[in-house]
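Let me begin by presenting the structure, written as structure tokens, before commenting on it.
The values are calculated or read from the model by the stated rules, or taken from the named source; none is laboratory data. No experiment lies behind these values; they were computed from the predicted model shown. Heavy atoms of the whole protein, side chains included, go into the accessibility calculation; ligands, DNA and RNA do not. Shrake-Rupley method; radii C 1.70, N 1.55, O 1.52, S 1.80 Å.
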Amino acid sequence: MENNPKNAKTQTRIAILAMMFLFGMIAFVTNLAAPVGIIWKNQPALQGSNALGMMGNMMNFLAYLFMGIPCGHLLNRIGYKKTLLTAIAIGLLGVFVQYLSGQLLTDSQFLSLPANFFIYLAGAFIAGISVCMLNTAVNPMLNLLGGGGNRGNQLILWGGTLNSLLGTLTPMLVGLLIGTVTAQTAISDVNPILYIAMAVFALTFLILARIPLEEPQAPATTQPQDLTASGAQAITPWLFLHFRLGAIAIFCYVGTEVGIPGTLNFFLSDTTAAGAGLDPARAAAIGGFAAGTYWLLMLVGRVIGGLIANKISSRTMIACANALGILLILSAILLPQSLQTSVPIFTGSGFALTVIPACALPLILCGLCTSVMWSCIFNLATEGLGKYTQMASGIFMTMVVGGGFMPVLQNILADNVGYMISFVIPACSMFYMLLYGCFGSKNVNRDIPVE
């Protein structure tokens, strides 16, 4: 019996909508780490360390290092739907463990740090496993459902708009719940956010379990193929130069995307560093709203990118975005921190004029630049890989660990030489991605069989 074309088209649309919704969940869980880190860094035992405050974010992304490639194999073995359902269940567990870290009140110490801090880090790591699995399945599925090329890039960009929307709201809500950060501020203060996260995971699991999600193509073999009958050299995505350079670009990109708003949030929440013009009672909220506005601009950028992706190549888009991003970061570094300005900051219900250091404004605007980089890099690096796309996606997820390592490195720099100078790290990353878009993204290995 032949398949009904109309029914197949409907199922494809359902699958696309489901993937886009899961894109939003990825941001919701991931973006909890940096703003909650403000609570932890202000605990007396952590002595205001920005680097320790970023450790929850670090653990969230460290999961990618261990799970990226296994997730790719899992996707091949059990398919998209079962991988997604497993990821959602693990995500629910991860958020619950983070919730427990605020409920199990104890004065016990481990390595001179609160024992609850390590429970929180364990929860962040488990949640990281979840978003790694979600990313491994969602990105290639959207690309394949769109048929690859510019259309595949367009679908990933549209999915990224919902990702940015929830990424916008998360730091804002955390900032509002924290209010004034003191030594008495605890992770239990953000319980409403954790309740929402657990409810979203549970509801999504029930909905996705009932959606008829078709596999877009038969899973590629998990065994490496050989270039010759003698097995002289196994074919893997690593043989493609543009993929290898793209994997490094993903490492740099995620570290940049997370490091800019995360460090900016820490900077604005630290009234000693940000300047006397900020209201100390609203510092955490202002920092959260500024980070949220960054993510809102990512949403705007992805909407614009989605509209023009059919007309402008991924190579041109990523080159322009990184060139502008470098200029914005350099201007932030060069502007005097004593210079202040009033800018409209998104507060969740609208925009309100808020006094912030002028150097923070270019960093907020960087959200427009980072908005299109993920989809462009993924699209360029997996172009021409054929049946090795799924394996490549797993490798890509491993490289997302850059979102953990680079913000910690940036905040070690911030602790020692100042917040603004630390932004040279994302600036250097953008320079590499600029070079990748201009020169390194061309497929020079077209002789390798991929069918």
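Express the accessible area of the range 338-451 per residue in Å², computed with a 1.4 Å probe while the remaining protein chains stay in the model.
Using a 1.4 Å probe on heavy atoms only, each residue of the range 338-451 averages 36 Å².
Whenever you get a sec, compute what percent of the accessible area on the range 350-403 sits on carbon and sulfur atoms (1.4 Å probe).
With neighbouring chains kept in place, the figure for the range 350-403 is 77 percent.
How would the range 392-444 be classified by its alpha-carbon gyration tensor: rounded, prolate or oblate, with rounded meaning a/c under 1.5 and the a/b versus b/c comparison settling the rest? Mind showing how you got there, number by number?
Values: a/c = 5.75, a/b = 1.65, b/c = 3.48.
Oblate.
If the convex hull of the alpha-carbon atoms of the range 324-398 is projected onto planes in all directions, what is the mean projected area in square nanometres? Don't skip to the end; give the middle numbers.
Values: hull surface 29.6 nm².
Quarter of the Cα hull surface area: 7.4 nm².
Order Cys132, Cys438 by their accessible area, 1.4 angstrom probe, all chains in place, largest first.
From most accessible down to least: Cys438, Cys132.
Hey, what do the phi angles of the range 291-297 turn into as Karplus ³J(HN,Hα) couplings, whole Hz, using 6.51/-1.76/1.60 and θ = phi - 60°, x for Gly and Pro?
5, x, 5, 4, 5, 5, 5
Test of understanding: what is the full-extension gain from Lys387 to Trp238, defined as 0.36 nm times their sequence separation minus their Cα-Cα distance?
On the way: separation 149, 0.36 × 149 = 53.64 nm, distance 1.36 nm.
Length gained between Lys387 and Trp238: 52.3 nm.
Just reorder Lys41, Lys81, Lys442, Lys311 by solvent-accessible area, largest first, 1.4 Å probe, all chains present.
Output order, biggest surface exposure first: Lys311, Lys442, Lys81, Lys41.
For the range 286-366, what class follows from the C-alpha gyration tensor (a ≥ b ≥ c being the square roots of its eigenvalues): rounded when a/c is under 1.5, otherwise prolate if a/b is larger than b/c, else oblate?
Details: a/c = 3.68, a/b = 1.46, b/c = 2.51.
Because a/c hits 1.5 or more and a/b fails to exceed b/c, the range 286-366 counts as oblate.
Find how many whole Å separate the alpha carbon centroid of the range 410-446 from the alpha carbon centroid of the range 32-52.
Result: 25 Å between the Cα centres.
Would you mind working out the accessible area per residue for the range 22-81, using a 1.4 Å probe, and quoting it in Å²?
Per-residue accessible area for the range 22-81 comes out at 29 Å².
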